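Here the structure comes first, spelled out in structure tokens, and everything after it is commentary.
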Amino acid sequence: MNHSVRDRITAEAAALADQHPVDVARAAEAGTRKLRKRYLLLTAVAIGVVVVLSVGVFFWRAASGAPAWGPFAPVASQTAPASGDSSPVAVGLRIDPAQVLLAPGSVQNLTTFLVLDTGGSVATNQVQVRWTVEWASSDESVAAIDHDGVVHALRPGSVTIRAIAEERGGIGFTATSRVTVGRVP
């Protein structure tokens with residue numbers, strides 16, 4: 001038990017004991033019950049505030065068009081363009097090449113493509129105004145990747161390169177490419 005809580009219980013028990021000097025044990029128990037009720041009430045109020053704020057944030061994000069939870073909206077929330085609308089809707093992301101074998105010390109450009117609802121694809125540089133791509137390597141000691149999508153092979157091994165493309169509105173997609181560093185035939 002926290003020292004300050006124990007001190008408060010002792011002080012309240014002493015005050016009750018002064019009022020009823022015959023029954024000190026019952027006074028201490030009454031003081032403990034009183035403090036527990038206060039702490040339970042404060043805990044319930046705090047939980048209520050968190051729930052109300054969470055629900056408020058959920059509805060605020062939904063009203064603003066942002067995804068309800070997490071940084072990316074689910075693909076199912078996107079709708080296909082209306083029949084007269086010529087703007088395509090992105091439904092996925094892919095990396096070209098999906099697999100590559102590199103010799104240590106060599107480099108390879110990886111390119112991301114947005115997969116559109118029409119079944120075609122568009123290079124991210126054509127929609128760069130609205131989309132940003134972040135790159136990551138599963139093991140930087142084997143192969144590192146820079147912010148432009150250039151893989152630098154460092155030592156033998158295999159890594160997964162991950163690209164995360166995100167639109168300003170919060171919609172995003174992830175794709176991977178397998179890079180193996182070793183002897184090239």
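The values are calculated or read from the model by the stated rules, or taken from the named source; none is laboratory data. Everything numeric here is computed off the predicted structure, so don't read it as measured data. All Cβ positions, glycine included, derive from the backbone under ideal geometry; neighbour counts span all protein chains shown.
For this structure, a couple of remarks:
- Restricting A44, A25, A66, A73 to those that are of a type in the set (A, V, I, L, M, F, W, C), at pLDDT below 80 and in a helix (DSSP H, G or I) reduces the list to A25.
- Cross-chain or 6+ apart pairs with Cβ under 9 Å, the range 145-164 first and assigned by TED's automatic domain parsing to the domain that holds A98 and polar (S, T, N, Q), then part of a loop (DSSP other than H, G, I, E, B) and buried (at least 16 other Cβ atoms within 10 Å of the Cβ): S158/V142
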